[in-house]
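Let me begin by presenting the structure, written as structure tokens, before commenting on it.
The values are calculated or read from the model by the stated rules, or taken from the named source; none is laboratory data. Just so it is clear, the model here is predicted, and its values are computed rather than measured. Here Cβ is always computed from backbone atoms with ideal geometry, including for glycine, and neighbour counts include all displayed protein chains. Calculation scope for accessible area: heavy atoms of the full protein, side chains included, ligands and nucleic acids excluded. Shrake-Rupley method; radii C 1.70, N 1.55, O 1.52, S 1.80 Å.
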Amino acid sequence: MQTIWQDLRYGARTLAKNKAFTAVAVLTLALGIGANTAIFSVVNAVLLQSVPYKDPGKLVFVWSTMISQGVPISGSAAPDFREWRTRNHVFEDMVAYTYDNYNVALPGEEPVRVQAAAVSPEIFSLLGVNPLLGRTLVPEEEQWGRHRAALLSYSFWQTRFGGQSSSLGRNLRLGNEEYAIVGVMPKGMPFFDDLPRVDLWVPLAYAPKDDMNTRGNHYLNVIARLKPGVTIERAATEMSGIAKQIEQQFPENKGLSAKVVTVREQLVGDVRPALLILLGAVAFVLLIACVNIANLMLARATARQQEFAVRAAMGAGRRRLLAQLLLESLPIAIFGGAAGVMLASWGIKFLESLIPSDLPRFNPIAINTSVLIFSAAISLLTILFLALAPALFASKGDIQETLREGGRGGLEHRGSGKLRSLLVVSEVAMAVILLAGAGLLIKTFGALRHADPGFSADHVLTMQMQLSPETDFPNGHQDAAIQFYRDLSERVDALPGVTGSGITTTLPLGFGMGWGKYFDVQGHTQPTSLDNVPVVRFQLSTPGFLPTIAARLRDGRFFSQDDSQTAPFVAVINESLARQFFPNESPIGKSIRMFPPTALLPPDARKPETWPQWRTVVGVIADMKDQAINRPAFPTVYAPYAQYHNEGWGTNVLAVRTTGDPLAATRMVRDQIHSFLPNLPVAEVASMEQLLARSLSRTRFSMLLLSIFAALALVLAAVGIYGVMAYAVAQRTREIGVRLALGAQPRDVLGMVLMGGGKLAAFGLVLGLVGSLGVTYLLRSQLYGVSSTDPVTYASVALLLGLIALAACYLPARRATRVDPLVALRYE
């Protein structure tokens, strides 16, 4: 312990005397550790920390799947869920939930729109979550008529009820029904990914003859808990067998199977690759920082060779020298780690502003115990990295020769120069890899921003309205709702600065609600089995919607006001559907129906009065991206709201095209809505450009961070090249003086130094480009519009890094040309 304490004191005194070296080393290490800690805090919160439920490793999602119809994963029908729950032997319990919107009216307050979840009452015990106040739901409340109980989220309780315990037992009007508040859930309780945010929970209950309680509507999310000793593979096998039994019993389930997925995989599976790529990228930054500090340490070791030789002559072995250098590096690691954690705390605040809103976060992104352990671990690893090379070279020298030379020439001829060169080559290679990855993501983001979404997003305002025929139109007549749409559009169209408006169930890019429906074409060859009937997307709109978002008409026409309830039913299809079902003919005038061929229906479902009518295709529009810019459009059918018989009622989205800033028209449009329905909440107000930007947020997040890391790596690599070349020039001052004294021209010296630095950079570029081909292959799932082997990106990276390396070499080379031969010859 006395020896350790002496080495620590000696190391601290040495670092204190070399303030510039210490400051550079600590700052460089802090940048690397800070960046790693900040990114690890995100990875830890999203990927590593468990979801905050009881024994989360046993929780699984159970989905329906219709592979033959091209639907790999789907919600489940209520009757199927009940069969699964009754027949399985692998789950302790199984529950279901679905999201819904309600217009909530509190006494004396203006109605607001809230996000609710209709849940099986047992869901809270399955998750192991207890209420903050009151109680949770009970099984009896699944029965229709006894279902009017509600649980509040903590935030909704605070904002709408002032956090008062007296709110328990109060009534809450949801739609046209009164619900009693029976409990408040704890603060910070996430509901799975909490996207969308949940304000309250109500029982999952069905009225008699509710169409949503049929096998044709697949919309429920099903959660289950595995029994002790049951593997997910066994559960998947049993659920597939149960699905086959149900298929044999109910012909309408033909082709339906079941898929079991862990909760973690379901919620974070699609973000894991991007986060791990960022973690790998920031690890490269730390390695480059360590390489630079190692070069500094080698330079110090060269200057201290006399000291090491004396210690070796007095009996110090390699282990003793290594221990000494490790302890001398300890203050650098401690101060660098502490400064890195401070930088990380600031970096997390910066990351919070960049993190996409749809990134699943069950836990706060913060510097907690796990993150501190990670920071301490990488700090300790850097100590070993920084001390190992100098110790090895210090212990290899010839003691007598070193003592005889008095330190002249140092370690350079024994290999430390080669090691420094190797380190520079490695950091240039790593910088190339990071720059190549950043370049590919930059091109991806540019390609996504300029990709054709199939519509025009500029100057379009959107807002959601949750209409209920029973509540907003007391007589419950659909004609009143259709008239409301027509009158509202006429009023909005007449506003100053408005050029058009329309209403729809689904906006492009996945905002809103759409349905998947069976699809049949009159006169085409019929499938032989229900599981072979194709499924397409279906959405409703008013005549003004498609022109408002500038959908491009390829053939035929859009809807018109003449397409009323009494007129022949019509439809507009997109190009994907036209290519798939009408490859060699015009679809205009063809008859289609959102229904399977009637010959395939089970006997008890063959009731013609319940079948939807045939629709005539009157138009074909260009594909509009309905999921994301980088995904192909689904085959889609658009139908007029006025002809929506038996095809659902959902969230309504109003789109308004303006001549100026669309958000500036919000108040005018809202006033027109309230002139018809004063108590109707308007929610999710945004411009289409904002929605488009939101859809690109994950790619933007990855691109910005990788670009920042690549820029940092570029700076560190340039500093490393400069440091090595400056040190090489200083070591060769006598040689340069001799050359100049013998008649060498300054340009010869300039070329010699540039050539030395250029070789290092060239080797690094070649290794980096080869490594990039392998590493960027891992990025392929994140790319769009660019290949992982894009030659333009690699050429640009090589040119940029080559110029930076040349600039880093030029300054030491320029200094070398100014060496005074007389001074250089007296150098030693």
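Which percent of the accessible area of the range 537-608 is formed by carbon and sulfur heavy atoms (probe 1.4 angstrom)? Provide the component values of the computation, followed by the final result.
Working: 1640 of 3230 Å².
The C+S portion of the solvent-accessible surface of the range 537-608 is 51 percent.
Karplus-based coupling profile of the range 766-782, in residue order and whole Hz: 5, 4, x, 5, 5, x, 4, 4, x, 5, 5, 4, 5, 7, 4, 6, 9, with θ = phi - 60° in 6.51 cos²θ - 1.76 cosθ + 1.60 and x standing for Gly or Pro.
Given the convex hull of the Cα atoms of the range 739-826, what is a quarter of its surface area in nm²?
For the range 739-826, averaging the hull's shadow over all directions gives 7.1 nm².
Applying 0.36 nm per residue to the separation of Gln249 and Ser591 and subtracting their alpha-carbon distance, the gain on full extension is 119.9 nm. Using θ = phi - 60° in the Karplus curve 6.51 cos²θ - 1.76 cosθ + 1.60, the 3J(HN,Hα) couplings for the range 691-698 round to 5, 5, 5, 5, 5, 9, 5, 5 Hz; x is entered for Gly and Pro. Once the chain from Ser357 to Val738 is taken as fully extended at 0.36 nm per residue, the excess over their C-alpha distance is 130.6 nm. The dipole here belongs to the range 678-794: it is taken about the Cα centre, uses +1 on the Cβ of Lys and Arg and -1 on the Cβ of Asp and Glu, and is about 360 debye. Over the range 643-785, accessible surface divided per residue gives 46 Å², non-protein components excluded, 1.4 Å probe. For Phe519, nonlocal amide neighbours, meaning residues 5 or more places apart or on other chains whose placed amide H falls under 5 Å from its own, are Val536, Phe595.
On full extension, the segment bounded by Ala494 and Ser456 gains 11.5 nm, given 0.36 nm per residue less the C-alpha separation. Rolling a 1.4 Å probe over the protein heavy atoms gives the range 217-264 an accessible area of 45 Å² per residue. Excluding residues fewer than 8 places away in the same chain, name every one of the lysines whose C-alpha is closer than 28 Å to that of Lys58. Excluding near neighbours in sequence, the set is Lys187, Lys227, Lys244, Lys259.
In the range 629-722, taking the dipole from charged Cβ atoms about the Cα centre, the farthest positive-side position among Thr699, Ala717, Val637 is held by Ala717. Distance from the C-alpha centroid of the range 542-584 to that of the range 431-457: 32 Å, rounded to the whole angstrom. When the pairs Lys517/Lys625; Lys254/Lys590; Lys19/Lys418; Lys254/Lys607; Lys54/Lys209; Lys443/Lys625 are compared against a 25 Å limit on Cα-Cα distance, Lys254/Lys590; Lys19/Lys418; Lys54/Lys209 fall above it.
Scaling against 2.2 N^0.38 Å puts the C-alpha radius of gyration of the range 514-597 at 1.16.
Rounded to a whole number, what % of the accessible area of the range 706-778 do carbon and sulfur atoms account for, probe 1.4 Å? Here carbon and sulfur together make up 73 percent of the probe-accessible area. If you count only protein heavy atoms with a 1.4 Å probe, what accessible area per residue comes out for the range 77-128, rounded to a whole Å²? That works out to 34 Å² per residue.
Relative contact order for the range 540-620 using alpha-carbon pairs under 8 Å, separation at least 6, rounded to a whole percent?
Reported relative contact order: 44 percent.
Of Lys759, Lys209, the order by accessible heavy-atom surface (1.4 Å probe, DNA, RNA and ligands excluded), from most exposed downward, is Lys209, Lys759.
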